[in-house]
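Scroll down for the structure; my scribbles are underneath it.
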Amino acid sequence: MARRRQLYEGKAKILFEGPEPGTLVQYFKDDATAFNAQKKGMITGKGVLNNRISEFLMTKLAEINVPTHFIRRLNMREQLIKEVEIIPIEVVVRNIAAGSIAQRLGIPEGTRLPRSIVEYYYKNDSLGDPMVAEEHITAFGWATPPDMDDIVHLTLRINDFLTGLFLGVGITLVDFKLEFGRLYENEEMRVVLADEISPDNCRLWDSKTNEKMDKDRFRRDLGKIEEAYQEVARRLGILPEAGSRDMKGPETMQ
Ligand code: TMP
């Protein structure tokens with residue numbers, strides 16, 4: 001089969017043209033970056049695990065009628081998705097203080113927040129993804145007020161659902177980042193969940209020990225990174241069928 005046309009390469013994923021109009025293939029790499037790509041590395045098997053974890057979580061979300069770009073997983077590292085127009089906003093939800101909010105506001109990491117807090121960051125690598133307010137988003141036209149209504153509503157539902165789902169497998173959902181896109185279908189536009197949900201863009205702590213089970217292990221050089229991602233997949237009941245021996249996945253793409 002001929003190699004597909006590559007449309008975009010990001011830090012952790014590559015997008016290829018899909019088999020039908022309106023579809024794309026999302027390929028998950030093992031590459032890891034942090035601090036706006038100032039730190040670079042590789043987490044062996046990460047792409048395989050994130051492909052599975054994101055498939056699992058997006059499928060569960062679809063079951064409660066959260067619209068997503070996910071169609072189906074194609075193989076170890078690739079999934080078929082609907083082509084959407086990405087809204088250039090990173091939506092972060094925080095339940096417990098960690099990372100940048102802990103630093104910025106001087107709140108000790110691990111403090112439960114009085115309520116879940118939603119923050120927005122403008123997706124722009126050259127500016128280092130600055131935090132913005134809804135005012136900036138609507139004034140500059142990155143999203144419209146109705147888009148923002150959909151985004152907040154979906155984000156809070158996703159947070160409640162994922163908090164419960166992870167709690168059920170002994171994991172505390174500390175915070176996470178979402179991206180949304182506009183899906184044009186039958187002359188209509190819908191805001192849908194896009195990108196991925198995985199330990200790359202969530203903070204996941206073991207509920208009993210508070211041990212970190214996410215990309216902070218890479219960001220902060222805590223070691224046992226692959227093991228943490230595998231443990232998240234294992235607890236969700238979705239370790240890849242081939243087992244960890246084959247975590248590298250196919251070297252070449254069809
Ligand atoms: P922060 O505490 O560094 O602002 O991160 C909040 C959450 O967002 C955390 O779960 C990690 C995730 N995140 C991303 O997915 N991509 C990013 O570029 C950043 C800065 C954070």
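Just subtract the alpha-carbon distance of residue 118 and residue 74 from 0.36 nm times their residue separation and send over the number in nm, one decimal. Each step should come with its number before you reach the end.
Values: separation 44, 0.36 × 44 = 15.84 nm, distance 3.26 nm.
Using 0.36 nm per residue and subtracting the Cα-Cα distance, I get 12.6 nm.
Go through 192, 96, 127 and say which Cα lies farthest out towards the positive end of the charge dipole of the chain; charges sit on Cβ, +1 for Lys and Arg, -1 for Asp and Glu.
The residue sitting most towards the positive pole is 96.
Per-residue ellipticity at 222 nm for the chain, helices alone: DSSP H runs ≥ 4 residues times -39500 (n - 2.57), over residue total, nearest 500 deg cm²/dmol?
Numbers: 6 runs with 69 residues, N = 254.
Rounded to the nearest 500, the figure is -8500 deg cm²/dmol.
Given a Förster distance of 30 Å, report the FRET efficiency between residue 129 and residue 23 from their Cβ-Cβ distance, rounded to the nearest 0.05. Don't jump to the answer; show the numbers that get you there.
Numbers: r = 28 Å, r/R0 = 0.92.
Once the sixth-power term is evaluated, E becomes 0.60.
How would 204, 105 line up from fewest to most surrounding beta-carbon atoms within 10 angstrom? Don't skip to the end; give the middle numbers.
Details: 204 27, 105 9.
Fewest-to-most ranking of 204, 105: 105, 204.
Taking the Cα centre of the chain as origin and charging only Cβ (+1 Lys, Arg; -1 Asp, Glu), how large is the dipole, in debye to the nearest 20? Let's see the in-between values first.
Working: 36 positive and 40 negative charges, 189 e Å.
Charge dipole, the chain, about its Cα centre: 900 debye, nearest 20.
Restricting to lysines 8 or more places apart or on different chains, can you count the pairs in the range 3-157 with Cα atoms under 24 Å from each other?
Lysine pair count for the range 3-157: 26.
Residue 238 to residue 209: extension gain in nm, 0.36 nm per residue of separation minus the Cα-Cα distance? All intermediate terms of the calculation are to be shown ahead of the outcome.
Working: separation 29, 0.36 × 29 = 10.44 nm, distance 2.23 nm.
Gain on stretching residue 238 to residue 209: 8.2 nm.
Subtract the Cα-Cα distance of residue 221 and residue 3 from 0.36 nm times their separation in residues, and report this length gain in nm to one decimal.
Details: separation 218, 0.36 × 218 = 78.48 nm, distance 3.63 nm.
Stretched fully, the residue 221-residue 3 segment lengthens by 74.9 nm.
Treat the count of other C-beta atoms within 10 Å as a stand-in for reagent exposure and order 185, 196, 109 from fewest to most. Please list the in-between numbers first.
Working: 185 10, 196 26, 109 15.
Lowest to highest Cβ neighbour count: 185, 109, 196.
Name the long-range amide H neighbours of residue 207: under 5 Å, sequence gap of 5 or more, or other chain; modelled H, no Pro or chain starts.
Residues meeting the criterion, in which the H sits 1.01 Å from N, are 171, 172.
State to the nearest 20 debye the size of the charge dipole of the range 156-244 about its Cα centre, where the only charges are +1 on K and R beta carbons and -1 on D and E beta carbons.
Details: 14 positive and 18 negative charges, 78 e Å.
The calculated dipole for the range 156-244 is roughly 380 debye.
Whole angstrom only: what separates the Cα centroid of the range 192-233 from the Cα centroid of the range 112-187?
Answer, in whole Å: 19.
Using Cβ counts within 10 Å as a stand-in for footprinting exposure, how do 49, 173, 167 rank, fewest first? Please report the intermediate quantities before stating the final value.
Working: 49 28, 173 22, 167 12.
With the fewest neighbours first, 49, 173, 167 line up as 167, 173, 49.
Give, in whole angstrom and from largest to smallest, the semi-axes √(5λ) of the equivalent ellipsoid of the chain, with λ running over the eigenvalues of the Cα gyration tensor. If you can, show how the numbers build up before the last one.
Numbers: eigenvalues 130, 121, 61 Å².
The equivalent ellipsoid of the chain has semi-axes of 25, 25, 18 Å.
Any read-out appearing in this document is the output of simple, stated calculations on the displayed coordinates, not a laboratory observation. Values in this document were obtained by computation on a predicted structure and should not be read as measured data. Every residue, glycine among them, receives a Cβ derived from its backbone with ideal geometry; neighbour counts consider all protein chains shown.
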